[in-house]
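The values are calculated or read from the model by the stated rules, or taken from the named source; none is laboratory data. Bear in mind that the values here come from a model prediction, so they are computed numbers and not experimental data. All Cβ positions, glycine included, derive from the backbone under ideal geometry; neighbour counts span all protein chains shown.
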Amino acid sequence: MKRYLLPISIFAAFLSLFALLFVGLNIDTKHVRSPLIGKPAPAFSAPRLLDDTRKISNRDFAGHIVVLNIWASWCTTCYLEHPFLMKLAQNKQIRLYGLNYKDTRFAAKKMLKDKGNPYYAVAFDPSGDIGIAYGITAVPETFIIDKQGIIRFKHFGAITLKVWNEKMLPLIQKLNR
Amino acid sequence: MVRAKLLFVLLILTSTLLHAKQATPEQKKLCSAIVNAAHKFPDAGQEKQFRSILKITRCVKCPNQSLESSQAGLANDLRVRICLSVLGNLTNQQIIDDLVQHYGDYILYDPRFTPSNYLLWLAPVVLLLFGLVILFINIKAKAQAKEAIDRIDPDQARKLEKLLAKNDEEHGT
């Protein structure tokens, strides 16, 4: 028995190495965990998209569970996501804020007029500086920010029903307790 | 802990303000010209600093390109941000910290020594130690076996060697 010990342990070592590499194949290397999770939402202050006389800042988030959706009228995936956001707007547990990223006021307003406006308020970020502060890589992206203003979750791309049901909704219910 | 958290909040606030507020329209104009290769930094040292940072940072949108070579819109915006930091006389470390704060270590090509990649950094050392331990155990076992053979009388030793040789043949070790 003892003389099988070495070959078996070498085989086991190789097997675990293969398992490790196999798991590595399925890791999403493009959408890595945001370093902002668990940290305060980056501070910003921007004009509102629909009313440029008024400002909106991260301080407006305080006391609410905020779903912050980053979008643009030039982003085709945002159109796909839009009907879901319209439904989300009915949810009383959250406040759905928008961050309009690198867009023109005209095109962004037109999209909301044509398709409907799901947002409680939209911050207008034509330069993309706020987007960079939030570490975005592409639109759409969505954050969940708790009542204390801490970022708790980030989703890359359009929100799917699966992500909503399995991750976002349970988190929101937990934060609301 | 609370103090560390407070410090962090302050850090985020100040760094965000630094970028949003301190850049003058002239600086922004200069940086967009620099990024579009229409202009160079007035200061050669700053030019060098700017280029060196672009080489070691990843375009988060297209991970196999550095910020220096990527044509993505976001890469352009990040180049402008770095350019403004350089004009604002930030050190390399400050500029890199700013990028990491928003995009994580992912934006760096050179992995840093942080808890999430201790395994990556320490695996070679651990494996080497593991090998050394096995080597040591083997050497010791062999030496002990030899000592045992040396201790028995010549007759028995010859018998034993014969047995061992036979054993080796059978098992091919």
Query - Hits in the stretch A:149-161 (condition: within 14 Å of chain B (Cβ to nearest Cβ) and either within 20 Å of B:L99 (Cα to Cα) or without any contact (Cβ under 8 Å) to a residue 60 or more places away in the chain (or both)) - result: A:I150, A:I151, A:K154, A:F156
Query raised in the report: Just for the stretch A:127-170: of the residues that are under 22 Å from A:I56 (Cα atoms) and among the polar types (S, T, N, Q), which one is farthest from the chain's Cα centre (by Cα)?
Result: A:S127
Requested in this report: Answer with yes or no whether B:D110 is more than 30 Å from B:Q93 (Cα to Cα), of a type outside the set (A, V, I, L, M, F, W, C) and loosely packed, with under 11 Cβ neighbours inside 10 Å.
Outcome: no
Report task. Please find, among A:I8, A:I56, the residue that is assigned to a helix (DSSP H, G or I) and either modelled with pLDDT of 95 or more or β-branched (V, I, T) (or both). Result -> A:I8
Report task. Restrict the check to the stretch B:145-152 and report whether at least one residue is surrounded by 12 or more Cβ atoms within 10 Å (Cβ to Cβ), of a type in the set (D, E, K, R) and in a helix (DSSP H, G or I). Result -> no
Query raised in the report: Which is closer than 18 Å to B:V35 by Cβ, free of Cβ contacts under 8 Å to residues at least 24 places away in the same chain, acidic (D, E) and not in a loop (DSSP other than H, G, I, E, B), of B:D155, B:D77, B:D168?
Result: B:D77
Query raised in the report: Out of the residues in the stretch B:51-76 that are in contact with a Ser or Thr (Cβ under 9 Å, 6 or more places away or on another chain) and more than 14 Å from every other protein chain (Cβ to nearest Cβ), which is nearest to B:V86 (Cα to Cα)?
Result: B:I53
Query raised in the report: Any idea which residue in the stretch B:90-113 is farthest from the other protein chains (Cβ to nearest Cβ), counting only those that are over 17 Å from B:R51 (Cβ atoms) and in a loop (DSSP other than H, G, I, E, B)?
Result: B:F113
Requested in this report: Could you grab me the full set of residues in the stretch A:138-147 that are more than 13 Å from chain B (Cβ to nearest Cβ) and assigned to a loop (DSSP other than H, G, I, E, B)?
Outcome: A:P140, A:D146, A:K147
Query - Number of the exception - A:K39 against (1) over 17 Å from A:A121 (Cβ atoms); (2) in contact with a Gly (Cβ under 9 Å, 6 or more places away or on another chain); (3) not hydroxyl-bearing (S, T, Y) - result: (2)
